[in-house]
Structures are given as structure tokens and as C-alpha cells.
Amino acid sequence: MNIATGTRLGRYEIRALIGAGGMGEVYRAHDSSLGRDVAIKVLPPEMSLNQDRLQRFEQEARATSVLNHPNILAIFDIGTFQGSPYVVSELLQGETLRERLIPGALPVRKAIEYAIQIARGLAAAHEKGIVHRDMKPENVFLTTDGHAKILDFGLAKLLDPSVPDEGSSQADTRRVSTQPGTVLGSAGYMSPEQVRGQPTDQRSDIFSFGAVLYEMVTGERAFRGESSVETMNAILKEEPPPLQVSERGIAPALELVITHCLEKKPQDRFQSARDLAFGLESITTQSGVYRTGTQQPQVARRRLWPVLAALTIAAAALGLAFYLGRKSAIAPLPTYKQLTFRPGSIYSARFTSDGKGIFFSATWNGSPIDIFSMRAESLNVQSLGMPNAEVLSISPTGEMAVLLNSKYLFHFVNQGTLARMPLTGGVAREMLENAQEADWGTDDKTLAVVRFDSVHTQLEYPIGKRLYQTLGYISNPRVSPKGDWIAFLDHPIHGDNRGSVMVVDASGQNQKKLTEEWAGEDGLAWSPGGDEIWFTATKAGEAQALYAVTLGGNQRTVLTTPIGVKLQDISRDGEVLLTGSHESTPMIGVAPNETKERDLSWLNRVRLSDLSQDGASFIFTESGQGSGANYSIYLRKTDGSPAVRLGEGYGLARSPDGKWVLSMLFNPPQIVLLPTGAGDAKRLERFAIEQYNPLGGSWLPDGKSIVFIGKEKDHALRTYVQDLAGGAPRPVTPEGITGFLLSPDGKLLIAQDRKGKKSLYPLAGGEARAISGLDDDYRVIRWGSEPDILYVYHSREVPLKIFRFNIASGQRELWKEITPADPAGRLGAVNVLLTPDGKGYVYAFSRHLNDLYLVKGLR
């Protein structure tokens, strides 16, 4: 078709032809409404006359548009031009996996990293009922920032669970014609059932994935013949050449994963892409996995095959149970009873040992957190009259573990003094300072506790015996019914609730990671029999749902809802306490030369990071539904015009010239410079940095260097400065001390320890100088236009009082008060940005409005 440069397709202006293939031509175009470059795939006119091609092209658009996952190409729009349909998608920078494989095999570590991402993308598609059916290196794109994205769902088939027998020639898939006997796919990567023209499901993609992974680690195709017919015959009857584990340094476990993917019979393969992804992730956590091992593949195979066989038997048993259940009766639906009705936030809720009583902690209408009690059969709620206290756990004998003088940290995690008290009331007996969470063991004598020791967060059981330690944070510790295991959520980044379900035994010698890393996790409890751990978590772009996992790692979905839910507790009779939440982030700002505040709210989970010098625009990060695993960065003007998505990542700061945004990616860890206008993203070399942290970052005044917070392996977080022209990052603070606010001349850095004590650190090196006159709860917004002036506020006070603070004298002067219109459900500190003269500002705060529910009948 060859559309000329400058041609407009609606709001899209064609800039250049990128490429062409069997399914259409791809152009680079500019979206004038949102100010971003996109890719447009157009079906040429002569191809649109072919009904089959047209139907398959439209199928690609429909299939991909329902998927929202960082490892799948994002579809933005669809339309027609001169009778030809087109699809608008994100514009990717990088190369296809096929192009990357031209020189030969990938390093094993890199191949596994990409394979995990591809498997996650397939899992997201399969869970939406979509099978790709054309997995091959040409349909995997490797971006310059280290992501793998699946392309071309043109052969995808939406599975219809209402079709009872897809093996019948009368089975109607409703979409592309895929009756038995029709061969679709690419020779060399098709599954045996595709070659035979038989019905396919998600296990066909798993076979094709295995062929792709084989090629990634060997540089050679798993199945190849002199012709397509011979290649397909090899798929049906032959095994791929051995992987030569010893010579290539391939882990035996990886060989087994690939072999398991390439089984000829679908029932012998991994049964889901999520299990496959988990298997690959398990390889990366094994000791010595990337060495040329001395363990022989046969030995490893003998050890792993029983596990794989057990998984297969378990899956078959589940399928049989489901079939028998359908034959006998339809399981009753769960019932829900709403227990609270006031506007506010519920932090925690626990059953009493008999399951009849409920104690919970909440804050209503902006009042301090308190502890309340009620009976499950009644809606009569009574306050215990304990302000700034949180219930943590209730013992079998009727004692309550509580957190006194609780101070909100993040994600419903508080810190304070652990105490114990009778349910009937009385004086609380203090036990431990700097505690965050706790859970009673099988009696009223031992507690599992999470506490902070100034650098690490650690799990202890009983108090004083450390079982687990992290530089991130630990939440929701729960002791098993038998007292032999402690389950918890492990969050690798302090303040970010992405994480995994972990267990450790009471001796501390055995620990297991039971799940992959979720984009967000809050809430965990053991099932009454102790055979499963139930938890609430969210993938990127979805509401938080309820899941269950066994100690063997078998995972299932228990409950999904349109709103996010958090698991609070499970009674011994199997009744469940859940909170359902409505989350929002109101954003309010004042534009230049204006005095009236304007509502600038956008999306539901937002963090402000940068306000321009003139107050005309600001940067924010969205981490809620639809944001992706690495979150999304937006630019918005304070005049109220629509926000523009700049790309993925956590936005830290804008460059002095306003042309770049310092962005942090979580998976894989990376710092990327995103253009605010035209241009390509720039990926910075990681060097020895193992993890970046979203606490903040900034640019030096000359725009040639940046400051960020990160950590090296086996070290704590600290602040680094990095020259953009090259060279390794240089630490400028001790371990455990972090900060990113630079003085206007770029010579001094404000940094603090995890308790909030603040000091000035010379960027060029030298002794730090403590900042006197600010207690730990004060937050620094920015430097003022005068060298000794800071704008600060107290993080726990409402209304919000902003002060001008003089570093030299330690004196504070009230400058402005900000009062959010509705305090109900407000969590944590208000996020405030100011211009240097203090005349323009933007602020935001997180609001969670929760209701408590009693749920019966969940299985």
C-alpha cells in the first residue's frame, strides 16, 4: 500500500514505513492528541479482499486489545483507512528474537530471563482464554530496555468453555475457522496437534515455547528438515538433538523444563504457562544453576521427574474432581455479609478462637486508628477506646496482641510497640519496640513477630529467634495450625508491595518460595486444615484477588471480584474475613498566576515526583490497574489538560531542560531516560547495582549526572551519583542512608536513615552535618530559592502545615496550610510538590475506603 509520509489516519500522522509482512505493513506514526509516537499496522487493500486474511487481522486486534500485560504488545486503537483496517499499538525500540539469534545462541542467564517474561505473557493470554498458536522467534520482540513482548495474535483463538467437545468437527469456535484438518502455524514451531490439524489449547503454545527456548539456548532449531513436510514429520516422530549440558553450561533443570515442554502428547507437558513460568523462576533461585555442573542430567532427571509426575497426577485429580462435581451437583455460591458501613479504612481484622467474635482496627472519617469489636451474627460495633492502636492477632486462650502508638509506614503496615492484653479489657503489657506485625503460635506463650532493626526487617519466632531477614520488608506473618511453619509475604523493595509468598519452618533451617513475584500482595492466612495458604495479590493491571497455594507450590484461584479485596482472617470453620476497597488518589494543584485550586486527579494509584520550575506541568507515576508490572509515567499540565503517558517505569525526576524523565524499572532492574517529546529512550548501564529503589532521584544542575537510590549485592540501600557520559555509579552516603534532594548548586544532598534522622552530605565527599530542629516525622519538600531555606511539613498532621525552615538557625516559619476536603480514608503522608518560589504547588494523597465482609462457602 505504501502510505506516504505526512498522511493522516485520523489523529495519527504517518512518519515512516517500518516493515512489511504477510499480515500487513507497519508504519511509525505520531499521535497528535497524546503527543507520542506509535506503530500502525495496516492491511493492504488487495489483502482486505481476502475474507480469511481480513478476519484473521481483525482477530489479532480483538484478541490483543483485551490483554494488558508488560510482556504483550499493547493495542491502543483500531480504525480503517481507504477501506483497509489498521491497528494502533505501542512503538517498540529494539529487535525481534529472530534478529537477536542470527549471531547464535543467547547466554543461558539471558535466555532464562527472556523466557520467564514470555511465559508470563502467555499465562496472561491463556487466563483470558486466548491461545497464540504461532509462537516463534519472529513473534517475540526484545526491547532496548530488556523486555520481551509477544507480537501477532493474528492466529489466536478465543477458547469457548461452553463448547463441550472441541474434538468434534461441529465445534464452533465463533471466530477464525479452525476446524479439525486446518493447519495453522509456522513449520518448525508447531505442536504435534497443530501439524495433524487437531484442536489446540494452551498446551500447544507451551510446545512452541519449548521449541523457541531450545533455540535460544542452543542457537539451533529443535526440529528442522529439508522441507516443511520433513520438518513437520520430525515434530511428530523425532526428538530434538540433545542439549549438550556440560559443553554449553546449561543447567540440568533447564534441560528438563525444555524437555517437558516438548512432549509429544499435550497431557504430558506443563499444563499451564504459569506453572512453566514458576518452573523457570525456580531455576534462577537454585544454587549453582549457571555453572557447568558436575551433576549428570540423568541424576537430575531422576530427581525432577517424580515432581513433574506428581504435578501431572494432581492436575488430573483436580480435573476428575471437577468432572465428578459437575456430574453430581453444582457447588453452592459463597455468601457475603457486609459488617461495616462507615467511611474510612480498615487495617486489620481477626476472628476470636471460636469464630464468633471479630476484632478489627479502623479509622473513621479521618479520626485516629482504634480497635473495635463485634459479634459475627450482629452489626453492633463497639470501640475499645484505644487510639493509635492496632489489633494484630488473637491467641487460642483469648489474649490479643496489639500494636501501640502505631505509626503508618505504607500499604497498611504500621510500626509501634508490641503489647498483649486480655480480650475482656485491661491494661496492655508492653513487650517489644519497633514492631510491625505479630501472630500467636498454637498457645498464648509464643509469638511470631516482624520488627525493624534500623537496617533490616526480620521475622522472629519466638521473639528473639531470627528466622528470616530482608532489606525489603515482611508482612502478614501467620503461624500454621500445627506451629511448624510460618508463612509470610516477602517484599524485596522497602515500601513497594510487590512480593512472593514464603514459608520458613520453626527451626529457621528450611525456607521455601511458594509463588512467583506478584505486582502487589497484601493479606495472608492458613486454611483451617493447614494444607493451604490463602493470600490476596494482584498481577499488573488487575484487581487484587484471592488465591491459595500449597507447601508444594500448587496454586489455584479462590475468588475474583470487580474490586480489590484483602484477606484478613480465616476461622477454624472456614469462614473468611475480607475487606473490599475503593482506592483513589486525589490530585490538587494551582496553575501559574492562579490562586484557585484545581482538581487534577487522574487514575487511581498515583505518586507525584516532579513539578516544573514554573509550575506549569508535573510528572506522576500510576501503579494501579492498567499500569503494568513496571508502572506507567505520565506528564500533565496544571491547567487541567489531559495527562500524556510517556512510557513505563517509576518516574523520579525531570532533567533541568525538561526534555528527559529519570525512570526506574523494577523487572528487570534498570534506570531509563524517557524523552518528554520526540526521541528514543536511553537505557543506563547497571554496573554492580542489583536493585533500584523508587524513593526518589534527581539531576545535577548541569544535567550531566543523576542521583539515585539503589543497592549492590549483599549491601543495604544508599544514594549514588552517576555520570551520564559513562562510568560506574559512585556512592555518596553510607549504607542505610538514602536521599535525593540536592541543593540548588548541586553540592549538598539531604539524606536520612530509616528512622527519619536527616543530615546534609557533601556530594564531593566529606563529613555529613546533622540537620537540627526537625524531628523524624518532618518531611522535606524541596530547597527554597535561598540557600539555607527548606520547605518542610509534618507528615502526620492534618491540616497540612508547610513551614519555611532555616537550616542555619533551626527555626520554622509557618508558610501555608493545606486541608484536604474529605479526610475519610486518607492513608500516609500527603505528597506535596512546590515551585522554588512557593507560589505554585501540587499535592496528592492516597485514599482507601474499605468495608469489612464475612464470607461463607469459599473453597
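The values are calculated or read from the model by the stated rules, or taken from the named source; none is laboratory data. The model shown is predicted, which means the values in this text are computed figures rather than measured ones. Using ideal geometry, Cβ is built from the backbone for each residue, glycine included, and neighbour counts are taken over all protein chains shown. These area figures cover heavy atoms from the full protein model, side chains too; ligands, DNA and RNA do not enter into them. Shrake-Rupley method; radii C 1.70, N 1.55, O 1.52, S 1.80 Å.
The magnitude of the dipole of segment 525-621, with charges of +1 and -1 set on the Cβ of Lys/Arg and Asp/Glu and taken from the Cα centre, is near 120 debye. Need the C-alpha centroid separation for segment 249-267 versus segment 591-609, integer Å. After rounding, the separation between the Cα centres reads 52 Å. Taking a ≥ b ≥ c as the square roots of the eigenvalues of the alpha-carbon gyration tensor, segment 193-269 is classed oblate because a/c is 1.5 or more while a/b is no larger than b/c.
Annotation: amide H-H contacts under 5 Å for Leu514 (H modelled 1.01 Å from N, sequence separation of 5 or more, or interchain): Val501, Met502, Val503.
Of the chymotrypsin sites (Phe, Trp or Tyr not before Pro) in segment 322-424, the ones in a loop by DSSP (not H, G, I, E or B) with at most 16 other beta carbons within 10 Å are Phe341.
Our helix-only sum for the chain, with -39,500 (n - 2.57) per DSSP H run of n ≥ 4 divided by its residues, gives a mean residue ellipticity at 222 nm of -5000 deg cm²/dmol.
Between the exposed loop cleavage positions of the chain, defined as GluC sites (Glu not before Pro) in a non-H, G, I, E, B DSSP state with at most 11 neighbouring beta-carbon atoms within 10 angstrom, the longest gap is 378-766. Answer with a single label: of (i) 82, 66, 53; (ii) 89, 54, 51; (iii) 132, 75, 60, which was calculated as Cα extents along the principal axes in Å from the structure in view? So the calculated entry is the one marked (i).
Could you give the dipole magnitude of segment 706-813 about its Cα centre, charging the beta-carbon of Lys and Arg +1 and that of Asp and Glu -1, in debye to the nearest 20?
200 debye
Using 0.36 nm per residue and subtracting the Cα-Cα separation, the extra length available between Ala821 and Ile78 on full extension is 263.4 nm. With contacts taken as Cα pairs under 8 Å at a separation of at least 6 residues, the chain carries a relative contact order of 7 percent. If you roll a 1.4 angstrom probe over the protein chains with everything in place, what fraction of the accessible area of segment 751-805 belongs to carbon and sulfur, to the nearest %? Result for segment 751-805: 42 percent of the exposed heavy-atom area is carbon or sulfur. The charge dipole of the chain, taken about its Cα centre with unit charges on the Cβ atoms of Lys, Arg (+1), Asp and Glu (-1) only, comes to about 220 debye. Rounded to the nearest percent, how much of the accessible area of segment 436-555 (1.4 Å probe, protein heavy atoms only) is carbon and sulfur? Accessible surface attributable to carbon and sulfur in segment 436-555 totals 43 percent. Can you pull out the trypsin sites (Lys or Arg not before Pro) in segment 417-504 whose DSSP state is coil and whose Cβ has at most 16 other Cβ atoms within 10 Å? In loop regions of segment 417-504 (DSSP not H, G, I, E or B), the sparsely surrounded trypsin sites (Lys or Arg not before Pro) are Lys445, Lys465, Lys482. The distance linking segment 63-111 with segment 356-415 is 49 Å (Cα centroid to Cα centroid, whole angstrom). Taking every protein chain into account, the accessible area of the chain amounts to 42 square angstrom per residue (probe 1.4 Å).
Cross-link partners among lysines for Lys682, C-alpha distance below 19 Å, same-chain residues fewer than 8 apart left out? Filter leaves Lys149, Lys659, Lys704. Projecting the Cα atoms of Trp602, Leu849, Gly464 onto the charge dipole of the chain (Cβ charges, centred on the Cα centre) puts Gly464 farthest toward the positive pole. Taken as entire DSSP H runs, the helices of the chain that both span 30 Å or more between Cα atoms along their own long axis and average -1.0 or more on the Kyte-Doolittle scale are 297-328. Under the classification rounded if a/c is under 1.5, otherwise prolate if a/b is larger than b/c and oblate if not, where does segment 416-490 fall, given a ≥ b ≥ c as square roots of the Cα gyration tensor eigenvalues? Judged from the Cα gyration tensor, segment 416-490 comes out oblate (a/c at least 1.5, b/c at or above a/b). One Cα centroid belongs to segment 528-549, the other to segment 831-847; the line between them spans 37 Å. Please say if segment 522-594 is rounded, prolate or oblate, where rounded means a/c under 1.5 for a ≥ b ≥ c the square roots of the C-alpha gyration tensor eigenvalues, and otherwise the choice is prolate for a/b larger than b/c and oblate otherwise? In terms of gyration-tensor shape, prolate.
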